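Visitor: Questions regarding the structure given below will be posed in turn.
The values are calculated or read from the model by the stated rules, or taken from the named source; none is laboratory data. As the structure is a prediction and not an experimental result, all values here were calculated from the model. Note: ideal-geometry Cβ built from the backbone for every residue, glycine included; neighbour counts use all protein chains shown.
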Amino acid sequence: MRRGVGQTPVVGPVYLAEIAPASVRGLCTCVFTGFVYLGIVLAYFTNYGCQIHLGDTTHNRWLVPTSLHIMFAGIIFILTFFQFESPRFLVKQGKIEEATTTMAHLRHLSVDHEYVTREIYNIQAAHHEELEASKGATWFGKVKELFLVPSNLYRLYLSTMVQFLSQWSGAGSITLYAPDLFKILGITGQNESLLVTAVFGVVKLTAAILCALFLVDVIGRKRALLTGITLQAVAMIYVAGFLTHVPLLGVDESFVLPENLLGVSRGAIAMIYISGFGWALGWNSMQYLLTAELFPLRVRALATSWAMTLHFANQYGNSRAVPNMLLSTDAGGISPMGTFWSFAAITIIGGVWVWFFVPETAGRSLESMDRLFELPWYRIGLHGNADAEERDIVHNEKQEAAEGVQGAAVHAEKREV
(Lines give C-alpha, C1' and ligand atoms only; values in the text may rest on other atoms or scores of the structure.)
Protein backbone atom coordinates (compact mmCIF):
# COMPACT_ATOMS: atom_id res chain seq x y z
CA MET A 1 0.00 0.00 0.00
CA ARG A 2 2.82 2.38 0.85
CA ARG A 3 4.32 1.97 -2.62
CA GLY A 4 1.02 2.93 -4.18
CA VAL A 5 0.59 5.95 -1.92
CA GLY A 6 4.18 7.02 -2.58
CA GLN A 7 3.67 6.92 -6.35
CA THR A 8 0.42 8.86 -6.31
CA PRO A 9 1.77 12.37 -5.52
CA VAL A 10 4.50 11.87 -8.14
CA VAL A 11 2.45 10.49 -11.04
CA GLY A 12 -0.79 12.42 -10.42
CA PRO A 13 0.40 16.05 -10.49
CA VAL A 14 2.96 15.40 -13.26
CA TYR A 15 0.35 13.75 -15.50
CA LEU A 16 -2.18 16.54 -14.92
CA ALA A 17 0.43 19.25 -15.56
CA GLU A 18 1.55 17.59 -18.80
CA ILE A 19 -1.90 17.14 -20.36
CA ALA A 20 -3.43 20.48 -19.28
CA PRO A 21 -3.33 23.70 -21.36
CA ALA A 22 -1.19 26.43 -19.80
CA SER A 23 -4.23 28.63 -19.11
CA VAL A 24 -5.85 26.07 -16.78
CA ARG A 25 -2.85 24.00 -15.69
CA GLY A 26 -3.12 25.32 -12.14
CA LEU A 27 -6.80 24.41 -11.97
CA CYS A 28 -6.24 20.89 -13.30
CA THR A 29 -3.28 20.17 -11.01
CA CYS A 30 -5.04 21.59 -7.95
CA VAL A 31 -7.87 19.14 -8.60
CA PHE A 32 -5.42 16.57 -7.23
CA THR A 33 -5.15 18.55 -3.98
CA GLY A 34 -8.91 18.92 -3.82
CA PHE A 35 -9.44 15.18 -3.99
CA VAL A 36 -6.82 14.68 -1.27
CA TYR A 37 -9.02 16.81 0.98
CA LEU A 38 -12.13 15.00 -0.18
CA GLY A 39 -10.48 11.83 1.10
CA ILE A 40 -9.60 13.55 4.37
CA VAL A 41 -13.20 14.72 4.82
CA LEU A 42 -14.50 11.21 4.18
CA ALA A 43 -12.00 9.80 6.68
CA TYR A 44 -12.90 12.36 9.36
CA PHE A 45 -16.65 11.83 9.01
CA THR A 46 -16.22 8.05 8.83
CA ASN A 47 -14.36 8.12 12.15
CA TYR A 48 -17.03 10.40 13.60
CA GLY A 49 -19.83 8.13 12.38
CA CYS A 50 -18.13 5.00 13.71
CA GLN A 51 -17.62 6.72 17.07
CA ILE A 52 -21.36 7.45 17.32
CA HIS A 53 -22.97 4.35 15.80
CA LEU A 54 -20.55 1.47 16.44
CA GLY A 55 -19.53 0.07 19.78
CA ASP A 56 -16.04 0.22 21.21
CA THR A 57 -15.74 -3.56 21.32
CA THR A 58 -16.53 -4.40 17.68
CA HIS A 59 -13.93 -4.87 14.97
CA ASN A 60 -16.09 -2.79 12.64
CA ARG A 61 -14.71 0.33 14.33
CA TRP A 62 -11.53 -0.09 12.28
CA LEU A 63 -12.80 -2.30 9.45
CA VAL A 64 -15.24 0.31 8.11
CA PRO A 65 -12.68 3.16 7.80
CA THR A 66 -10.08 0.79 6.35
CA SER A 67 -12.50 -0.45 3.69
CA LEU A 68 -12.47 3.04 2.13
CA HIS A 69 -8.85 2.47 1.04
CA ILE A 70 -9.83 -0.67 -0.86
CA MET A 71 -12.84 0.95 -2.53
CA PHE A 72 -11.03 3.99 -3.88
CA ALA A 73 -7.92 2.04 -4.87
CA GLY A 74 -10.20 -0.24 -6.89
CA ILE A 75 -11.82 2.72 -8.64
CA ILE A 76 -8.41 4.13 -9.58
CA PHE A 77 -7.24 0.74 -10.86
CA ILE A 78 -10.27 0.31 -13.12
CA LEU A 79 -10.14 3.86 -14.51
CA THR A 80 -6.46 3.60 -15.48
CA PHE A 81 -7.47 1.29 -18.35
CA PHE A 82 -9.43 4.16 -19.93
CA GLN A 83 -6.70 6.75 -19.49
CA PHE A 84 -4.67 8.33 -22.31
CA GLU A 85 -0.90 8.59 -22.08
CA SER A 86 0.66 12.04 -21.79
CA PRO A 87 1.50 13.48 -25.26
CA ARG A 88 4.78 14.79 -23.87
CA PHE A 89 5.76 11.30 -22.75
CA LEU A 90 4.82 9.92 -26.18
CA VAL A 91 7.02 12.52 -27.90
CA LYS A 92 9.83 11.52 -25.57
CA GLN A 93 9.33 7.90 -26.71
CA GLY A 94 9.36 8.94 -30.38
CA LYS A 95 5.65 8.16 -30.94
CA ILE A 96 4.81 11.42 -32.69
CA GLU A 97 1.65 10.26 -34.49
CA GLU A 98 0.20 8.80 -31.30
CA ALA A 99 1.12 11.98 -29.43
CA THR A 100 -0.68 14.09 -32.05
CA THR A 101 -3.78 11.89 -31.91
CA THR A 102 -3.82 12.01 -28.10
CA MET A 103 -3.36 15.78 -28.03
CA ALA A 104 -6.21 16.21 -30.50
CA HIS A 105 -8.45 14.00 -28.37
CA LEU A 106 -7.58 15.85 -25.15
CA ARG A 107 -8.28 19.24 -26.77
CA HIS A 108 -11.36 18.00 -28.73
CA LEU A 109 -9.79 19.20 -31.99
CA SER A 110 -8.85 17.55 -35.28
CA VAL A 111 -5.33 16.16 -35.66
CA ASP A 112 -4.49 18.76 -38.32
CA HIS A 113 -5.76 21.73 -36.29
CA GLU A 114 -3.24 24.57 -35.98
CA TYR A 115 -3.29 24.46 -32.15
CA VAL A 116 -2.50 20.73 -32.07
CA THR A 117 0.30 20.91 -34.64
CA ARG A 118 1.87 23.95 -32.93
CA GLU A 119 1.68 22.30 -29.51
CA ILE A 120 3.30 19.09 -30.75
CA TYR A 121 5.92 21.13 -32.63
CA ASN A 122 6.84 23.04 -29.46
CA ILE A 123 7.06 19.83 -27.44
CA GLN A 124 9.31 18.25 -30.09
CA ALA A 125 11.50 21.34 -30.28
CA ALA A 126 11.94 21.46 -26.51
CA HIS A 127 12.69 17.74 -26.39
CA HIS A 128 15.27 18.01 -29.18
CA GLU A 129 16.97 20.89 -27.36
CA GLU A 130 17.14 18.79 -24.20
CA LEU A 131 18.55 15.80 -26.11
CA GLU A 132 21.14 18.01 -27.78
CA ALA A 133 22.17 19.47 -24.44
CA SER A 134 22.36 16.10 -22.66
CA LYS A 135 23.63 14.10 -25.67
CA GLY A 136 21.71 10.94 -24.75
CA ALA A 137 22.97 10.70 -21.19
CA THR A 138 22.12 7.70 -18.99
CA TRP A 139 20.12 7.79 -15.75
CA PHE A 140 23.26 8.89 -13.93
CA GLY A 141 23.65 11.58 -16.57
CA LYS A 142 20.17 12.85 -15.73
CA VAL A 143 21.15 13.05 -12.07
CA LYS A 144 24.23 15.06 -13.01
CA GLU A 145 22.10 17.26 -15.25
CA LEU A 146 19.72 17.88 -12.37
CA PHE A 147 22.46 18.94 -9.96
CA LEU A 148 25.09 20.49 -12.25
CA VAL A 149 23.00 22.56 -14.69
CA PRO A 150 22.48 25.91 -12.88
CA SER A 151 18.86 26.43 -13.98
CA ASN A 152 17.92 22.88 -12.93
CA LEU A 153 19.76 23.26 -9.64
CA TYR A 154 17.78 26.41 -8.84
CA ARG A 155 14.54 24.61 -9.62
CA LEU A 156 15.67 21.74 -7.41
CA TYR A 157 16.38 24.28 -4.67
CA LEU A 158 12.85 25.70 -5.06
CA SER A 159 11.15 22.30 -4.88
CA THR A 160 13.31 21.29 -1.89
CA MET A 161 12.57 24.45 0.09
CA VAL A 162 8.85 24.25 -0.75
CA GLN A 163 8.67 20.78 0.79
CA PHE A 164 10.72 21.74 3.85
CA LEU A 165 8.98 25.02 4.66
CA SER A 166 5.48 23.73 3.94
CA GLN A 167 5.74 20.65 6.14
CA TRP A 168 7.43 22.42 9.06
CA SER A 169 4.95 25.30 9.01
CA GLY A 170 2.82 22.96 11.10
CA ALA A 171 -0.40 22.75 9.12
CA GLY A 172 0.18 19.15 8.08
CA SER A 173 0.63 18.03 11.69
CA ILE A 174 -2.49 19.99 12.66
CA THR A 175 -4.39 17.83 10.17
CA LEU A 176 -2.93 14.65 11.68
CA TYR A 177 -3.42 15.60 15.32
CA ALA A 178 -6.50 17.81 14.97
CA PRO A 179 -8.61 16.07 17.68
CA ASP A 180 -5.79 16.36 20.24
CA LEU A 181 -5.07 19.99 19.34
CA PHE A 182 -8.73 20.95 19.60
CA LYS A 183 -8.78 19.38 23.07
CA ILE A 184 -5.76 21.50 24.03
CA LEU A 185 -7.63 24.62 22.91
CA GLY A 186 -10.67 23.83 25.03
CA ILE A 187 -12.86 21.32 23.18
CA THR A 188 -14.12 18.66 25.60
CA GLY A 189 -15.63 15.28 24.76
CA GLN A 190 -14.60 12.73 22.14
CA ASN A 191 -17.67 13.19 19.94
CA GLU A 192 -17.39 16.98 19.91
CA SER A 193 -13.67 16.77 19.15
CA LEU A 194 -14.25 14.44 16.17
CA LEU A 195 -17.09 16.61 14.84
CA VAL A 196 -14.99 19.79 15.04
CA THR A 197 -12.18 17.91 13.29
CA ALA A 198 -14.54 16.78 10.52
CA VAL A 199 -15.68 20.37 9.96
CA PHE A 200 -11.99 21.31 9.79
CA GLY A 201 -11.65 18.91 6.86
CA VAL A 202 -14.61 20.55 5.10
CA VAL A 203 -12.97 23.97 5.51
CA LYS A 204 -9.76 22.73 3.88
CA LEU A 205 -11.67 21.07 1.04
CA THR A 206 -13.54 24.34 0.42
CA ALA A 207 -10.26 26.28 0.35
CA ALA A 208 -8.73 23.83 -2.13
CA ILE A 209 -11.75 24.18 -4.45
CA LEU A 210 -11.67 27.98 -4.26
CA CYS A 211 -7.94 27.99 -4.98
CA ALA A 212 -8.34 25.71 -7.99
CA LEU A 213 -11.34 27.50 -9.50
CA PHE A 214 -10.73 31.18 -8.80
CA LEU A 215 -7.19 31.92 -7.68
CA VAL A 216 -4.26 29.86 -8.90
CA ASP A 217 -4.75 30.64 -12.62
CA VAL A 218 -6.34 34.07 -12.06
CA ILE A 219 -4.08 35.87 -9.58
CA GLY A 220 -1.14 33.52 -10.14
CA ARG A 221 0.75 30.92 -8.13
CA LYS A 222 2.88 33.35 -6.17
CA ARG A 223 0.05 35.62 -5.02
CA ALA A 224 -2.13 32.65 -4.07
CA LEU A 225 0.77 31.17 -2.12
CA LEU A 226 1.51 34.45 -0.31
CA THR A 227 -2.19 34.91 0.49
CA GLY A 228 -2.36 31.44 2.03
CA ILE A 229 0.87 31.94 3.99
CA THR A 230 -0.40 35.27 5.36
CA LEU A 231 -3.63 33.68 6.60
CA GLN A 232 -1.69 30.81 8.11
CA ALA A 233 0.81 33.12 9.85
CA VAL A 234 -1.92 35.32 11.37
CA ALA A 235 -3.74 32.23 12.65
CA MET A 236 -0.60 30.70 14.15
CA ILE A 237 0.32 33.96 15.90
CA TYR A 238 -3.17 34.22 17.42
CA VAL A 239 -3.11 30.63 18.71
CA ALA A 240 0.43 31.04 20.03
CA GLY A 241 -0.57 34.29 21.76
CA PHE A 242 -3.61 32.61 23.33
CA LEU A 243 -1.49 29.73 24.64
CA THR A 244 1.07 32.23 25.95
CA HIS A 245 -1.72 33.96 27.90
CA VAL A 246 -2.87 30.58 29.28
CA PRO A 247 0.43 28.64 29.55
CA LEU A 248 -1.05 25.75 31.59
CA LEU A 249 -3.52 24.85 28.83
CA GLY A 250 -2.46 21.53 27.34
CA VAL A 251 0.34 21.16 29.90
CA ASP A 252 -1.49 20.62 33.21
CA GLU A 253 -4.27 18.05 32.78
CA SER A 254 -6.04 19.32 35.91
CA PHE A 255 -6.21 22.89 34.59
CA VAL A 256 -9.71 24.11 33.75
CA LEU A 257 -10.12 27.00 31.33
CA PRO A 258 -11.80 29.98 33.07
CA GLU A 259 -15.23 30.91 31.72
CA ASN A 260 -14.08 34.43 30.84
CA LEU A 261 -11.61 32.91 28.34
CA LEU A 262 -14.08 30.64 26.56
CA GLY A 263 -14.66 33.24 23.84
CA VAL A 264 -10.93 33.60 23.27
CA SER A 265 -10.68 29.80 23.15
CA ARG A 266 -13.37 29.66 20.46
CA GLY A 267 -11.41 32.32 18.59
CA ALA A 268 -8.32 30.08 18.71
CA ILE A 269 -10.36 27.19 17.31
CA ALA A 270 -11.62 29.49 14.53
CA MET A 271 -8.00 30.42 13.83
CA ILE A 272 -7.14 26.75 13.40
CA TYR A 273 -9.83 26.70 10.71
CA ILE A 274 -8.32 29.82 9.11
CA SER A 275 -4.89 28.20 9.28
CA GLY A 276 -6.26 25.15 7.44
CA PHE A 277 -7.90 27.43 4.88
CA GLY A 278 -4.60 29.24 4.30
CA TRP A 279 -2.67 25.96 4.10
CA ALA A 280 -5.01 24.51 1.48
CA LEU A 281 -4.93 27.79 -0.43
CA GLY A 282 -1.16 28.20 -0.29
CA TRP A 283 1.49 25.68 0.61
CA ASN A 284 -0.46 22.49 0.09
CA SER A 285 -1.65 23.41 -3.41
CA MET A 286 1.73 24.76 -4.51
CA GLN A 287 3.92 21.95 -3.18
CA TYR A 288 2.40 19.69 -5.86
CA LEU A 289 1.80 22.25 -8.62
CA LEU A 290 5.19 23.99 -8.64
CA THR A 291 7.09 20.73 -8.46
CA ALA A 292 5.13 19.27 -11.38
CA GLU A 293 5.52 22.23 -13.74
CA LEU A 294 9.01 23.64 -13.06
CA PHE A 295 11.32 21.04 -14.59
CA PRO A 296 12.22 20.14 -18.20
CA LEU A 297 10.60 17.03 -19.64
CA ARG A 298 13.81 15.01 -19.55
CA VAL A 299 14.30 15.26 -15.77
CA ARG A 300 10.72 16.00 -14.67
CA ALA A 301 9.93 12.53 -13.33
CA LEU A 302 13.27 12.26 -11.52
CA ALA A 303 12.94 15.74 -10.00
CA THR A 304 9.35 15.14 -8.92
CA SER A 305 10.39 11.86 -7.30
CA TRP A 306 13.09 13.74 -5.40
CA ALA A 307 10.61 16.37 -4.25
CA MET A 308 8.01 13.83 -3.13
CA THR A 309 10.68 11.84 -1.27
CA LEU A 310 11.47 15.01 0.65
CA HIS A 311 7.74 15.60 1.07
CA PHE A 312 7.18 12.30 2.85
CA ALA A 313 10.48 12.49 4.77
CA ASN A 314 9.61 15.92 6.19
CA GLN A 315 6.00 14.88 6.76
CA TYR A 316 7.19 11.86 8.72
CA GLY A 317 9.74 13.88 10.68
CA ASN A 318 7.20 16.56 11.54
CA SER A 319 4.52 14.06 12.52
CA ARG A 320 6.97 12.31 14.85
CA ALA A 321 8.33 15.55 16.29
CA VAL A 322 5.08 17.37 17.07
CA PRO A 323 3.83 15.04 19.86
CA ASN A 324 7.16 15.50 21.65
CA MET A 325 7.14 19.25 20.96
CA LEU A 326 3.72 19.56 22.62
CA LEU A 327 5.04 18.10 25.88
CA SER A 328 5.81 20.46 28.75
CA THR A 329 9.36 21.73 29.14
CA ASP A 330 9.73 19.54 32.24
CA ALA A 331 8.95 16.49 30.10
CA GLY A 332 11.45 17.45 27.39
CA GLY A 333 9.13 19.32 25.01
CA ILE A 334 8.63 22.99 24.23
CA SER A 335 4.95 23.09 25.31
CA PRO A 336 1.95 23.88 23.06
CA MET A 337 2.83 27.57 23.32
CA GLY A 338 6.38 27.02 22.05
CA THR A 339 5.15 24.66 19.34
CA PHE A 340 2.79 27.22 17.82
CA TRP A 341 5.34 30.03 18.09
CA SER A 342 7.78 27.85 16.13
CA PHE A 343 5.07 27.18 13.53
CA ALA A 344 4.42 30.93 13.26
CA ALA A 345 8.13 31.71 12.85
CA ILE A 346 8.64 29.10 10.10
CA THR A 347 5.50 30.29 8.29
CA ILE A 348 6.74 33.90 8.30
CA ILE A 349 10.19 32.82 7.10
CA GLY A 350 8.47 30.87 4.33
CA GLY A 351 6.52 33.95 3.23
CA VAL A 352 9.68 36.06 3.01
CA TRP A 353 11.44 33.31 1.07
CA VAL A 354 8.56 33.00 -1.43
CA TRP A 355 8.56 36.77 -2.03
CA PHE A 356 12.25 36.90 -2.91
CA PHE A 357 12.95 33.54 -4.56
CA VAL A 358 9.84 32.02 -6.19
CA PRO A 359 9.01 33.23 -9.73
CA GLU A 360 5.50 33.37 -11.18
CA THR A 361 4.75 30.42 -13.47
CA ALA A 362 1.05 31.01 -14.25
CA GLY A 363 0.11 31.09 -17.94
CA ARG A 364 3.47 29.77 -19.09
CA SER A 365 3.77 26.60 -21.18
CA LEU A 366 5.94 23.82 -19.81
CA GLU A 367 8.25 24.18 -22.83
CA SER A 368 8.83 27.90 -22.13
CA MET A 369 9.54 27.40 -18.42
CA ASP A 370 13.31 27.39 -19.04
CA ARG A 371 13.24 31.09 -19.89
CA LEU A 372 12.24 31.89 -16.29
CA PHE A 373 15.60 30.68 -15.03
CA GLU A 374 18.11 32.37 -17.33
CA LEU A 375 18.83 35.27 -14.95
CA PRO A 376 21.34 35.05 -12.06
CA TRP A 377 19.79 33.08 -9.18
CA TYR A 378 19.36 36.10 -6.89
CA ARG A 379 17.19 37.92 -9.49
CA ILE A 380 14.91 35.08 -10.58
CA GLY A 381 12.29 35.44 -7.84
CA LEU A 382 11.63 39.16 -8.34
CA HIS A 383 12.59 39.70 -11.99
CA GLY A 384 12.46 36.27 -13.67
CA ASN A 385 8.93 36.62 -15.02
CA ALA A 386 9.47 40.04 -16.64
CA ASP A 387 12.72 38.85 -18.22
CA ALA A 388 11.05 35.65 -19.47
CA GLU A 389 8.26 37.64 -21.13
CA GLU A 390 10.86 39.64 -23.09
CA ARG A 391 12.57 36.42 -24.12
CA ASP A 392 9.18 35.01 -25.15
CA ILE A 393 8.72 37.89 -27.61
CA VAL A 394 12.12 37.23 -29.20
CA HIS A 395 11.48 33.46 -29.31
CA ASN A 396 8.05 33.88 -30.91
CA GLU A 397 9.43 36.26 -33.54
CA LYS A 398 12.14 33.75 -34.46
CA GLN A 399 9.61 30.92 -34.58
CA GLU A 400 7.23 32.91 -36.81
CA ALA A 401 10.12 33.80 -39.11
CA ALA A 402 11.19 30.14 -39.32
CA GLU A 403 7.63 29.03 -40.04
CA GLY A 404 7.36 31.73 -42.72
CA VAL A 405 10.54 30.54 -44.43
CA GLN A 406 9.35 26.93 -44.22
CA GLY A 407 5.95 27.87 -45.64
CA ALA A 408 7.54 29.79 -48.51
CA ALA A 409 9.76 26.81 -49.34
CA VAL A 410 6.77 24.46 -49.41
CA HIS A 411 4.87 26.90 -51.63
CA ALA A 412 7.82 27.14 -54.04
CA GLU A 413 8.08 23.35 -54.24
CA LYS A 414 4.38 23.11 -55.10
CA ARG A 415 4.79 25.69 -57.87
CA GLU A 416 7.71 23.76 -59.36
CA VAL A 417 5.65 20.59 -59.33
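Visitor: On the basis of being under 30 Å from W279 (Cα atoms), at pLDDT 90 or above and of a type outside the set (F, W, Y), does L90 make the cut?
Guide: No: the conditions fail for L90.
Visitor: Is there a residue in region 252-259 that is touching a Leu at 6+ places or on another chain (Cβ under 6 Å), free of Cβ contacts under 8 Å to residues at least 24 places away in the same chain, surrounded by fewer than 20 Cβ atoms within 10 Å (Cβ to Cβ) and not acidic (D, E)?
Guide: yes
Visitor: Can you tell me which of S166, S193 is in contact with a Lys or Arg (Cβ under 7 Å, 6 or more places away or on another chain) and either over 20 Å from V354 (Cβ atoms) or polar (S, T, N, Q) (or both)?
Guide: The match here is S193.
Visitor: Right, next: Is it the case that some residue within region 191-207 is surrounded by fewer than 17 Cβ atoms within 10 Å (Cβ to Cβ), without any contact (Cβ under 8 Å) to a residue 60 or more places away in the chain and more than 30 Å from V91 (Cβ to Cβ)?
Guide: Yes, that holds for at least one residue.
Visitor: Consider only pairs whose beta carbons are under 7 Å apart and that are at least six residues apart or on different chains; among these, list those whose first residue lies in region 300-329 and is among the β-branched types (V, I, T) and whose second residue is part of a helix (DSSP H, G or I).
Guide: Listed by first residue and then by second, the contacts come to T304/V10; T304/V14; T304/T291; T304/A292; V322/S173; V322/T339; T329/S335.
Visitor: Moving on. Being surrounded by 16 or more Cβ atoms within 10 Å (Cβ to Cβ), assigned by TED's automatic domain parsing to the domain that holds T227 and modelled with pLDDT of 85 or more: is that true of G263 here?
Guide: When the stated conditions are applied, G263 does not pass them.
Visitor: Right, another one. In region 127-172, how many are crowded, with 17+ Cβ neighbours inside 10 Å, outside any helix (DSSP H, G or I) and modelled with pLDDT under 80?
Guide: The total comes to 0.
Visitor: State whether the residues of region 58-74 include one that is among the basic types (K, R), without any contact (Cβ under 8 Å) to a residue 40 or more places away in the chain and closer than 20 Å to G39 by Cβ.
Guide: yes
Visitor: Can I ask one more? Which condition from (1) without any contact (Cβ under 8 Å) to a residue 40 or more places away in the chain; (2) of a type in the set (S, T, Y); (3) more than 20 Å from V196 (Cα to Cα); (4) in a helix (DSSP H, G or I) is the one that T46 breaks?
Guide: That leaves (3) as the condition not met.
Visitor: Just checking, does region 305-324 include any residue being under 24 Å from P21 (Cα atoms) and either surrounded by fewer than 23 Cβ atoms within 10 Å (Cβ to Cβ) or outside the structural domain of K222 (by TED's automatic domain parsing) (or both)?
Guide: Yes, region 305-324 contains a residue that is under 24 Å from P21 (Cα atoms) and either surrounded by fewer than 23 Cβ atoms within 10 Å (Cβ to Cβ) or outside the structural domain of K222 (by TED's automatic domain parsing) (or both).
Visitor: If you go through region 211-226, how many residues are surrounded by 17 or more Cβ atoms within 10 Å (Cβ to Cβ) and touching a helix residue (DSSP H, G or I) at 6+ places or on another chain (Cβ under 7 Å)?
Guide: So the answer is 10.
Visitor: From I96, I52, grab the single residue that is β-branched (V, I, T) and over 23 Å from E400 (Cα atoms).
Guide: Only one candidate passes the filter, namely I52.
Visitor: Which one of these does A344 not meet: (1) within 30 Å of H127 (Cα to Cα); (2) crowded, with 17+ Cβ neighbours inside 10 Å?
Guide: Answer for A344: the failing condition is (1).
Visitor: Given V64, V116, V111, which one is outside the structural domain of D392 (by TED's automatic domain parsing), under 21 Å from P296 (Cα atoms) and of a type in the set (A, V, I, L, M, F, W, C)?
Guide: Answer to the check: V116.
Visitor: If you don't mind, another one. Specify the residue that is surrounded by the fewest Cβ atoms within 10 Å (Cβ to Cβ); the eligible residues are those in region 80-95 that are free of Cβ contacts under 8 Å to residues at least 24 places away in the same chain and under 23 Å from the mean Cα position of the chain (by Cα).
Guide: This residue is T80.
Visitor: Follow-up. Out of (1) within 23 Å of H108 (Cβ to Cβ); (2) modelled with pLDDT under 75, the odd one out for R25 is which?
Guide: (2)
Visitor: Right, something else. Identify the residue in region 96-126 that is among the charged types (D, E, K, R) and assigned to a helix (DSSP H, G or I) and, among all such residues, is surrounded by the most Cβ atoms within 10 Å (Cβ to Cβ).
Guide: By that ranking, first place goes to E119.
Visitor: What pairs can you find where one residue is in region 345-359 and without any contact (Cβ under 8 Å) to a residue 40 or more places away in the chain, the other is surrounded by 16 or more Cβ atoms within 10 Å (Cβ to Cβ) and part of a helix (DSSP H, G or I), and their Cβ atoms are less than 9 Å apart, with a gap of 6+ or different chains?
Guide: Close Cβ pairs (under 9 Å, with a partner that is surrounded by 16 or more Cβ atoms within 10 Å (Cβ to Cβ) and part of a helix (DSSP H, G or I)) amount to A345/M236; F356/G381.
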